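Below is one structure, written out as structure tokens, with a few remarks after it.
What follows is calculated from the coordinates using simple rules that are stated; it is not laboratory data. Being a predicted model, the structure only gives us computed values, none of them experimental. Neighbour counts run over all protein chains shown; Cβ positions are idealised from the backbone, glycine included.
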Amino acid sequence: MSQTAAQRFLQDAAVKSADLVHREIIQRGMDSYDVAHLKGRARIKDWEAARQKCQEIKREAINHLDRYLLQFEEKVIARGGHVFWAANSEEACTYVKNVATRLGVRTVVKSKSMVTEEIHLSPVLEKAGIKVWETDLGEFIVQLRDEPPYHIVTPAMHLNRGQIAKLFREKLDPAIDSDDPVYLMGAARRILRQAFFAAEMGISGANFLVADAGVIAISTNEGNGRLCTSVPRIHVVVTGIEKVIPRLEDLAVLWPVLATSGTGQGITTYGTLIGGPRQPGEVDGAEEFHVVLVDNGRSQLLADAEQREVLHCIRCGACLNICPVFRHVGGHTYGTTYPGPIGSVLTPHLNGIKEFKHLSYASSLCGACTSVCPVKIDLHHHLLQNRRNATEAGATKSSERLIFRAWRWAMLHPRMYALGGWLMRKVLRILYDLGLAGSILDPMRVWNRYRSPVPLPSESFRARWRKGLGAN
Amino acid sequence: MDQLLPEVAVDTVKVLRRLGYAVEFPEDQTCCGQPAFNTGYWNEARPCAENFVRIFKHAEVIVCPSGSCTTMVRSFYPELLAKSSFREEALAVASRTFELSEFLVKVAGVTQVGATFPHTVTYHASCHGLRELHIHDEPLQLLRQVEGLKLIEMVRSEECCGFGGTFAAKFSDISAAMGTSKAENVAATGAEFVTATDPSCLLHLQGILGKRHAPTRTIYLASILAQESPPRQSMGQEKS
């Protein structure tokens with residue numbers, strides 16, 4: 001039998017959390033992010049007010065998703081664009097593939113998009129004989145490695161320049177002889193430039209869908225997004241339905257807050273708004289413009305009043321960056337499109353609670369994620385709710401259910417609780433005196449594997465209280 | 001704490017009495033219910049919470065030497081008992097429950113508790129106290145007034161130590177890796193002691209530090225505040 005997602009997670013987590021080279025690379029990356037992020041936040045006069053505003057905008061959008069999506073669609077169609085509503089991954093992929101084959105597309109250039117990762121679009125296109133180029137540098141690197149993105153904003157953050165130079169030498173050009181970042185970037189650029197001009201179709205995501213203006217908004221730093229959306233004849237936007245926002249003016253706060261949370265920048269290098277195919281008299285833009293609105297489980301999440309706000313997420317990656325679990329196990333260990341706290345909350349909803357409930361437990365509930373979320377999603381409390389939901393759905397182990405039932409009984413019977421505590425300390429002391437700490441007989445062996453044994457005082461507090469401490 | 005760290009509770013009583021408070025310990029109390037609640041067993045946690053509310057509803061103020069247990073009562077009881085007949089009483093109890101340092105500084109208005117502790121100490125900001133109860137400066141205000149105590153700041157003092165309750169057992173590899181990072185940050189300060197508002201963080205850290213044979217010892221905040229004479233051992237190695 002093949003491994004379950006939970007078993008794989010445990011195994012990969014054990015390996016990665018002991019991998020000191022990995023920890024060093026991630027720690028260094030996160031350290032520089034932390035500095036930039038704090039500096040970025042200080043540029044905004046009232047960061048808390050900005051978060052509040054972003055939360056309000058997203059809440060309004062999500063609570064009236066139907067209205068804003070239709071408004072967006074109407075505007076795009078009026079400008080000659082096409083809008084397709086995809087209920088799931090398969091519908092979305094099939095639509096894009098059909099557009100490509102109908103128009104004789106042989107090469108596709110992609111700018112960074114997590115939704116296309118979520119629906120696994122590239123393999124579908126490649127199977128139809130279409131060459132797909134990731135053009136975001138980080139995405140390009142992980143594509144060469146045949147890996148999914150490690151992080152939703154910085155897909156190749158787990159690699160250092162030496163590893164990237166080696167990869168380029170093996171996959172691109174054996175003559176590559178330096179790990180200088182500018183040199184490596186130049187090597188990638190030369191290849192990608194050819195791809196941009198060969199491609200008939202560009203595929204992008206969207207950071208926001210602006211309802212009143214009927215445009216998509218994209219934030220990028222490398223300029224590849226603009227090339228993808230304006231050089232090829234056809235532009236296909238693949239995006240989640242939750243990306244809609246009511247008004248163009250909302251970008252005035254969302255754009256800087258997204259950039260600050262994502263990379264610490266005041267605003268990303270490029271902010272692009274596109275509302276349809278090239279209009280008469282315009283000098284650039286695609287001849288055909290398609291928007292694929294992907295549901296893929298989002299409507300179901302919308303129906304969950306307790307966790308609906310998870311749809312507020314603007315995919316900035318701040319919760320991943322601050323998460324001590326992510327920092328130790330890394331992005332790939334999660335085995336999901338969206339790693340880190342947001343992924344642990346979201347994935348059980350999108351891909352099934354049975355298979356992915358373990359992610360909700362793989363958190364110390366420290367709440368660091370919630371404290372940085374720019375749209376104020378109560379992430380760690382949603383993890384708690386996911387755990388409760390898993391228990392109520394009967395998806396937890398029967399042995400664990402039994403333990404907690406016994407535990408409840410003991411806690412409701414103070415004498416039994418005190419006796420149990422005394423007995424446990426006594427037994428452990430005998431075991432440890434015999435040198436059996438960490439052995440198969442030690443009920444605390446999981447604890448003792450990485451830690452010295454817990455203290456075992458001879459008297460509990462309540463015993464000492466009774467023996468005289470209680471006299472005020 | 002009752003079973004494994006009685007000294008922490010004894011020291012809490014000492015500090016409160018020194019400041020003139022009458023301290024009661026209702027002996028039929030057990031656990032606030034957090035282990036079950038955090039693991040998703042809300043139906044198992046609920047009767048514990050109801051029990052707690054029943055036992056403590058007449059107390060003027062409930063002081064708990066743990067930010068985590070305080071969080072359970074103050075932040076989670078209202079949600080856990082939303083449909084219980086104990087709801088109103090739970091809200092009232094929640095509003096009168098405080099972690100020790102926040103009680104001393106915010107409620108009692110005291111920062112000078114008359115303690116002496118001639119040692120170097122670094123402070124770990126426990127997550128529940130920090131992010132659920134918004135305890136930021138209170139423990140530091142108390143520590144700064146302790147005679148002879150030299151406070152050394154560690155890097156990433158606000159990053160989780162990796163304990164996380166059942167997380168430490170279910171994901172022991174990750175928990176230990178996080179604990180190791182924390183232990184390295186603690187060690188880098190060169191301080192003799194590391195302190196916090198949560199005994200559970202310290203229990204975990206003590207285990208990690210112990211396994212590494214690190215010289216830094218753990219000591220709970222109340223145990224520092226209770227010191228009047230020469231210092232004692234780390235809370236774990238306490239002989240009573």
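Of the residues A:Thr337, B:Leu221, A:Pro123, the one whose Cα sits farthest towards the positive end of the charge dipole of the protein assembly as shown is B:Leu221 (charges of +1 on Lys and Arg Cβ, -1 on Asp and Glu Cβ, taken about the Cα centre). A simple spin-label model places pseudo-atoms 7 Å from Cα toward Cβ; at A:Met416 and A:Val283 they are separated by 8.2 nm.
With r defined as the distance between the Cβ atoms of A:Glu400 and A:Arg43 and R0 fixed at 45 Å, what FRET efficiency is calculated, to the nearest 0.05?
Computed FRET efficiency for A:Glu400 and A:Arg43 comes out at 0.40.
For peptide A:381-391, compute the average count of partner chain beta-carbon atoms within 10 Å of each residue's beta-carbon.
For this peptide, the per-residue mean of nearby foreign Cβ atoms is 4.
Of the complete DSSP H runs in chain A, those spanning 18 angstrom or more by Cα along the long axis with a mean Kyte-Doolittle score not below 0.0 are A:65-78, A:181-198, A:414-433. Positive end of the dipole of chain A (Cβ unit charges, origin at the Cα centre): among A:Met185, A:Met416, A:His312, the Cα lying farthest that way belongs to A:Met416. In plain terms, the residue of B:His134, A:His22 with the fewest other Cβ atoms within 10 Å comes first and the most crowded comes last, giving B:His134, A:His22. Taking every alpha-carbon pair under 8 Å whose residues sit at least 6 apart, chain A reaches a relative contact order of 19 percent.
Here the dipole of chain B is about 200 debye; that uses its Cα centre as origin and unit charges on the Cβ of Lys and Arg (positive) and Asp and Glu (negative). Distant-in-sequence amide contacts of B:Val110, defined by a placed amide H-H separation under 5 Å and a gap of 5 or more residues or a different chain, comprise B:Val105. As a calculated quantity, the FRET efficiency between B:Arg144 and B:Lys106 at R0 = 22 Å, using C-beta atoms, amounts to about 0.85. Among the listed pairs A:Lys354/B:Lys182; A:Lys426/B:Lys211; A:Lys58/A:Lys357; A:Lys58/B:Lys106; A:Lys357/B:Lys211; A:Lys426/A:Lys467, those whose Cα-Cα separation exceeds 28 Å are A:Lys354/B:Lys182; A:Lys58/B:Lys106; A:Lys357/B:Lys211. Placing unit charges on the Cβ atoms only, positive for Lys and Arg and negative for Asp and Glu, gives the protein assembly as shown a dipole magnitude near 1220 debye about its Cα centre.
Between the listed residues B:Gly109, B:His124, B:His134, the Cα displaced farthest toward the positive end of the dipole of the stretch B:73-142, a dipole computed from Cβ unit charges relative to the Cα centre, is found at B:His134. Which whole-angstrom value gives the distance between the alpha carbon centres of the stretch A:348-390 and the stretch A:226-290? Here the answer is 30 Å between Cα centres.
With a Förster radius of 60 Å applied to the C-beta separation of B:Arg96 and A:Thr94, the computed FRET efficiency comes to 0.50. For the stretch A:200-354, a crude dipole built from +1 on the beta carbon of Lys and Arg and -1 on the beta carbon of Asp and Glu, taken about the Cα centre, is about 440 debye to the nearest 20.
For A:Val132, the amide hydrogen comes within under 5 Å of the amide hydrogens of A:Val108, counting only partners 5 or more places away or on other chains and with H modelled in the peptide plane.
The label-point distance for B:Ala214 and A:Ile430, in a model that sets each label 7 Å from Cα toward Cβ, rounds to 3.5 nm. Proximity of backbone amide H atoms, modeled 1.01 Å from N, is registered between A:Val215 and A:Val210 at under 5 Å, excluding neighbours fewer than 5 places apart on the same chain.
In this rough spin-label picture, where each label sits 7 Å from Cα along the Cβ direction, the B:Lys57-A:Arg59 distance is 3.3 nm. Bin width 10 Å, alpha-carbon pairs only: give the P(r) of the stretch A:44-296 as whole percents, running from 0 to the bin holding the largest distance. Spelled out per bin, shortest first, that is 7, 30, 36, 21, 6, 0.
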